[in-house]
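Undergrad: To start, I am sharing the structure in question, which I have written as structure tokens.
The values are calculated or read from the model by the stated rules, or taken from the named source; none is laboratory data. Model, not experiment: these values are computed from the prediction. Cβ placement follows ideal geometry from the backbone for every residue including glycine, while neighbour counts extend to all protein chains displayed.
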Amino acid sequence: MESPVKPLAHVLKIEPYLPGDSAVAGVTKITKMSSNETPLGPSPEARSAALGAMDELERYPESSAAIVRHALAERYGLDARRIVCEAGSEQLINLIARIFAGPGDEILYSAHGFIAYKIAALSCGATPVAAPEKNLTTDVDALLRLVSERTRVLFLANPNNPTGTSLPSGEILRLRRELPESVLLVLDGAYAEYVQDEDYTSGLELVSEYPGNVVILRTFSKIYGLAGLRLGWSYSSLELAMALHRLRGVFTVTTMAARAAVAAIRDQDHEQRARDHNARWLPWLNEQLSALGLDMTDSKGNFVLARFASDEEAAAADFHLRSSGVITRTLKEYGLGDCLRVTVGLEEHNKALVSLLQEFLAGSRGG
Ligand SMILES: Cc1ncc(COP(=O)(O)O)c(C=O)c1O
């Protein structure tokens with residue numbers, strides 16, 4: 001029998017988020033290169049800090065994750081009161097949409113921006129508006145052209161997932177300067193720790209210049225290897241932080257996550273190892289795949305985006321990889337059915353991926 005209770009109409013417009021796969025039926029040895037997780041895992045210090053929290057499972061966590069906020073404040077020279085922690089930055093994306101937009105409002109993002117922005121817009125009844133890109137890169141002018149009286153929030157991931165491309169700090173500053181004051185600019189730096197370009201900024205310093213309308217998002221899921229514990233954070237003015245506190249989950253950041261995060265921030269050697277590993281293998285993967293005839297973006301994250309000749313070729317390549325247990329990310333829901341996103345893995349994973357794709361393309365293109 002059909003249920004007599006009905007979800008709101010705007011909720012039915014949402015296509016549920018499809019995470020990167022973790023398993024292939026009938027294949028036991030899996031190499032997961034589909035979710036931008038670090039192949040080095042978390043700092044051993046973070047692991048023991050999480051285990052240390054096992055003796056306190058009956059206790060509620062400290063609600064504001066104060067130890068994490070203070071550790072971040074110390075690391076980046078920030079005001080701990082303006083940091084808000086949640087169970088993953090994806091939660092903060094949803095909160096921001098709900099706090100600042102509703103039916104009749106618009107939420108703007110770049111055409112191949114992280115898909116959570118579109119889902120967040122639909123979930124609060126707002127209209128998602130996607131600005132065209134140039135060469136799979138955010139186009140500031142296209143975003144500015146699409147700003148209307150109804151635009152409330154602009155989400156921008158820098159570097160972006162799944163394209164990997166990023167904007168230099170000058171373009172970010174120009175975007176903020178040219179946006180109306182009434183539009184909240186949310187800069188999502190999920191991959192910020194990986195970027196080593198001199199002209200890159202995650203935007204933390206923009207908060208003092210534009211306290212009224214900038215929020216920065218960061219996460220412990222990527223370089224810190226704590227995706228499974230769920231912890232993301234925002235930095236903004238105190239006023240905007242207080243708005244987030246009104247709706248955030250009260251006990252969503254667990255004691256385990258908080259302890260592990262503090263240890264992870266302090267283990268700068270481990271973080272540097274993860275950055276160095278990426279700095280070595282990201283260009284290697286790009287060069288190798290490009291030499292195989294695939295179009296690659298200039299990714300600054302911990303993943304590459306490979307474009308095949310067609311959707312069919314990408315799907316066949318995905319099938320070939322999966323049959324050998326290598327899982328990458330297909331991107332149909334991004335309108336990138338001809339692409340696969342590949343997370344940088346350990347040396348043997350990267351090499352296995354390249355030789356499987358070489359074998360596939362030699363067969364399919366007759367090379
Ligand atoms: C650009 C971007 N923002 C946010 C997130 C969400 O991260 P989390 O909710 O794990 O903190 C991701 C994860 O893939 C991402 O790629």
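Undergrad: Give the stretch 186-228 a look and list any residue that's within 16 Å of the ligand (Cβ to nearest atom) and among the aromatic types (Phe, Trp, Tyr), or say none.
TA: 191, 194, 200, 220, 224
Undergrad: Another question, then. So if I check each of 236, 221, 290, 310, which one is modelled with pLDDT of 95 or more, surrounded by 22 or more Cβ atoms within 10 Å (Cβ to Cβ), more than 20 Å from residue 39 (Cα to Cα) and of a type in the set (Gly, Ala, Ser)?
TA: None of the others qualify; the one that does is 236.
Undergrad: For the stretch 336-354, how many residues are basic (Lys, Arg) and assigned to a strand (DSSP E or B)?
TA: Filtering the stretch 336-354 for residues basic (Lys, Arg) gives 341, 351.
Narrowing the set further to residues that are assigned to a strand (DSSP E or B) leaves 341.
The qualifying residues number 1.
Undergrad: Next up: Looking only at the stretch 246-281, which residues are basic (Lys, Arg) and either in contact (Cβ under 8 Å) with a residue 40 or more places away in the chain or under 23 Å from residue 53 (Cα atoms) (or both)?
TA: The answer is 246, 248, 259, 266, 273, 275.
Undergrad: Something else: Could you please give the count of residues in the stretch 324-334 that are more than 18 Å from residue 299 (Cβ to Cβ) and outside any strand (DSSP E or B)?
TA: 4
Undergrad: When residue 317 is evaluated against the numbered criteria (1) under 23 Å from the mean Cα position of the chain (by Cα); (2) crowded, with 18+ Cβ neighbours inside 10 Å; (3) more than 16 Å from the ligand (Cβ to nearest atom), which criterion, by number, is the only one it fails?
TA: (1)
Undergrad: Does residue 350 meet the test of being of a type in the set (S, T, N, Q) and within 20 Å of residue 28 (Cα to Cα)?
TA: Considered against the rule, which asks whether it is of a type in the set (S, T, N, Q) and within 20 Å of residue 28 (Cα to Cα), residue 350 comes out as yes.
Undergrad: Would you point out the residue of the stretch 343-364, among those that are surrounded by 15 or more Cβ atoms within 10 Å (Cβ to Cβ) and closer than 12 Å to residue 317 by Cα, that is modelled with the lowest pLDDT?
TA: 364
Undergrad: So which strands (runs of 3 or more DSSP E) stay within the stretch 143-260 end to end and still have 3 or more residues that are touching a Cys at 6+ places or on another chain (Cβ under 9 Å) and not basic (Lys, Arg)?
TA: Values: elements: 151-157, 184-188, 214-219, 232-235.
Passing ranges, in order: 232-235.
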